[in-house]
Amino acid sequence: MSSKVVRTRMAPSPTGDLHIGSLRTFLYSYAFAKKNNGQFLLRIEDTDQKRQVVGAADRLKQVMKDFGLSWDGEPVIQSERLGIYQKYIKELLDRNHAYYCFCPQERLDKIRNDAKVKKRIPKYDRHCLTLSPAEIAQNLKDGLPYVIRMKIPDKETVSFNDLIRGPITFNTADLDDQVLIKSNGIPTYHFAVVVDDHLMEISHIIRADEWISSTPKHILLYKYFGWTVPQIAHLTVLLDPSHPGKMSKRFGSVFAQQFLDEGYLPEAMLNFLMLLGWNPGTDREIFTLEEFVKEFSLEHLHKKAAIFDRKKLEYFNGLYIRKLNDDKLFSYFKKFLPQASDGQIKILIPILKDRIVKFGDLPATLKFLFEDIDYDSSLLLQRDSTKELVTEMLTKTKEVLSEFSDLQNKLTELIAKNSWNTGQYFMVLRVAICGATFTPPIVECLPALGIEGTIRKINIALAKLK
Ligand code: GLU
């Protein structure tokens with residue numbers, strides 16, 4: 001490597017939205033680079049054209065920005081570099097580390113099926129490895145479709161020292177002659193990743209655990225080219241405690257954007273992700289991105305799978321909501337409650353900011369402000385209330401509602417004057433206004449509903465009792 005600069009990268013494939021696990025990976029790569037005054041680069045790995053999703057790369061860049069994670073320099077886009085891979089594959093062919101394979105798909109399918117029957121891992125049988133130069137030349141001249149495969153040594157060991165897991169050793173007997181260039185001339189991930197990590201002078205690769213089994217192939221390629229292998233760290237998987245195995249979209253949100261749409265704050269998400277697989281070595285839990293960068297070290301990454309505890313995420317989000325200043329709170333309320341007027345939002349912020357877990361809960365919590373919720377009249381008869389009593393309570397409430405000032409005191413007086421049960425009264429009021437028994441503090445919310453709105457809801461309740 002030409003320099004000792006620390007250089008990490010994020011190398012997403014634009015096949016869909018950014019997974020929260022990838023966001024964690026990128027966060028750690030970012031932190032490691034920044035901690036070491038290095039660079040964090042972006043490479044779009046768009047070599048699998050079948051799996052590509054239009055717009056995914058742009059969405060990915062945007063969501064990274066929304067989380068405050070910026071990369072250095074211009075993104076490297078693999079589909080724009082096909083000439084580079086051609087040049088390097090030629091080198092491997094010339095040095096006999098790679099070979100043309102003209103096997104038709106049916107033949108490869110048969111190998112795969114036979115292996116399946118014998119319960120073996122399918123491996124290419126190297127049929128084309130023995131083609132003579134003349135046969136190869138003829139096939140190429142005839143325009144036969146081909147792929148280019150990597151020649152894996154027969155029985156060698158390949159080892160690397162994973163920065164998180166320690167030494168990992170593979171036997172090449174277990175490796176397939178990996179396709180490096182597909183029949184459309186485009187490289188596979190395995191070839192492009194090695195060429196690009198080398199050309200981009202990546203010093204440290206931090207990536208998901210699913211790539212461990214590919215790493216020996218990559219290391220062989222580095223060796224064939226005579227290149228220095230970067231340091232490699234494979235993070236552990238993220239488990240969702242609600243079900244066995246890896247996180248799955250069948251059991252809740254898994255994409256970074258989904259969490260933002262639900263009203264999680266980017267800074268709370270990042271803080272939560274920081275601790276999913278890393279610890280500062282102390283009890284401290286709250287970190288800004290800048291503080292995390294300062295504290296981050298690979299030695300404190302965990303070797304055990306991390307548990308994606310959604311309750312903990314909610315806890316972090318609540319903490320960060322309470323830290324927002326009034327302007328920020330106002331803009332989040334406005335975004336998540338577009339029906340609310342500025343005046344309503346100003347009333348609601350102090351009532352709700354200490355209670356909500358995420359902004360996406362606001363519309364359901366405050367639905368009663370914007371529509372009349374249908375409920376069964378029996379709900380009004382909580383705690384042994386009679387129709388007569390509830391009717392009296394609601395009718396008398398309307399009379400003191402001519403203005404909202406000092407509302408709490410007015411209602412307390414009303415309750416005392418009539419010797420009502422306080423709990424019973426407020427439950428009746430709550431149901432009449434919200435159509436539900438669990439609501440935000442009801443008296444405080446009435447000014448957001450307004451006198452007319454409040455009286456209308458009370459009238460609806462009274463009508464239900466008739
Ligand atoms: N494009 C690969 C992915 O989507 C990158 C793997 C790596 O970091 O080497 O995860």
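List of remarks:
- Linear extension gain, D372 paired with N409, 0.36 nm per residue minus alpha-carbon span: 10.7 nm
- Near D177, once Lys and Arg are set to +1 and Asp and Glu to -1 for all other residues with Cβ below 10 Å from its Cβ, the sum equals +3.
- Apportionment of accessible area to carbon and sulfur, the range 422-466, percent (1.4 Å): 60
- Panel note: the C-alpha atoms of the range 18-71, placed on their principal axes, show extents of 37, 21, 17 Å (largest first).
- Relative to the longest principal axis of the Cα atoms of the chain, the long axis of helix 105-117 lies at roughly 70 degrees.
- Per residue value of the accessible surface for the range 9-110 (all protein chains in place, 1.4 Å probe), Å²: 47
- Computed [θ] at 222 nm, helices only, for the chain once each DSSP H run of length n ≥ 4 contributes -39500 (n - 2.57): -14000 deg cm²/dmol
- Where both bridge residues fall in the chain, DSSP classifies roughly 55% of the beta bridges as antiparallel.
- The alpha carbon centroids of the range 390-417 and the range 275-298 are separated by 52 Å.
- When you count the other C-beta atoms within 10 angstrom of each residue and take the mean per peptide, 168-178, 195-205 line up highest first as 195-205, 168-178.
- Calculated P(r) tail over 18 Å for the range 103-167, as whole % of Cα pairs: 58
- Surface composition of the range 221-348: carbon and sulfur make up 54 percent of the accessible area, probe 1.4 Å.
- The range 331-404, accessible area per residue, ligands and nucleic acids excluded (1.4 Å, Å²): 54
- For the range 35-97, taking the reciprocal of the average inverse distance between every pair of different Cα atoms yields a Kirkwood hydrodynamic radius of 14.2 Å.
- Reciprocal mean inverse distance between Cα atoms of the range 146-210 - Kirkwood radius, Å: 13.7
- According to the Kirkwood relation over distinct C-alpha pairs, the hydrodynamic radius of the range 309-465 is 16.7 Å.
- In this label model, I286 and V53 are separated by 3.5 nm, measuring between points 7 Å along each Cα→Cβ vector.
- Nearest 10 degrees, 0 to 90: helix 407-417 Cα axis against the chain principal axis: 50
- Length gained on full extension, H302 to F251, computed as 0.36 nm times the residue gap minus the Cα-Cα distance: 15.9 nm.
- Efficiency of FRET between Q138 and L82 - r from beta-carbon atoms, R0 25 angstrom, step 0.05: 0.45
- Average accessible surface area per residue within the range 224-320, 1.4 Å rolling probe, Å²: 47
- Tilt relative to the chain, helix 422-434 - C-alpha long axis, 0 to 90 degrees, to 10: 60
- Once the Cβ-Cβ distance of D354 and E201 is raised to the sixth power relative to R0 = 60 Å, the FRET efficiency obtained is 0.75.
- Sulfur and carbon atoms: percent of accessible area, the range 149-195 [1.4 Å]: 47
- Hull volume per residue, based on the alpha-carbon atoms of the chain and their convex hull, is 205 Å³.
- The range 54-186: proportion of alpha-carbon pairs further apart than 24 angstrom, %: 52
The values are calculated or read from the model by the stated rules, or taken from the named source; none is laboratory data. This one's a predicted model, so the numbers in the text were calculated from it and none came from an experiment. Here the Cβ is made from the backbone with ideal geometry for all residues, glycine too, and neighbour counts use every protein chain on show. Protein only, heavy atoms only, side chains kept; ligands, DNA and RNA dropped before computing areas. Shrake-Rupley method; radii C 1.70, N 1.55, O 1.52, S 1.80 Å.
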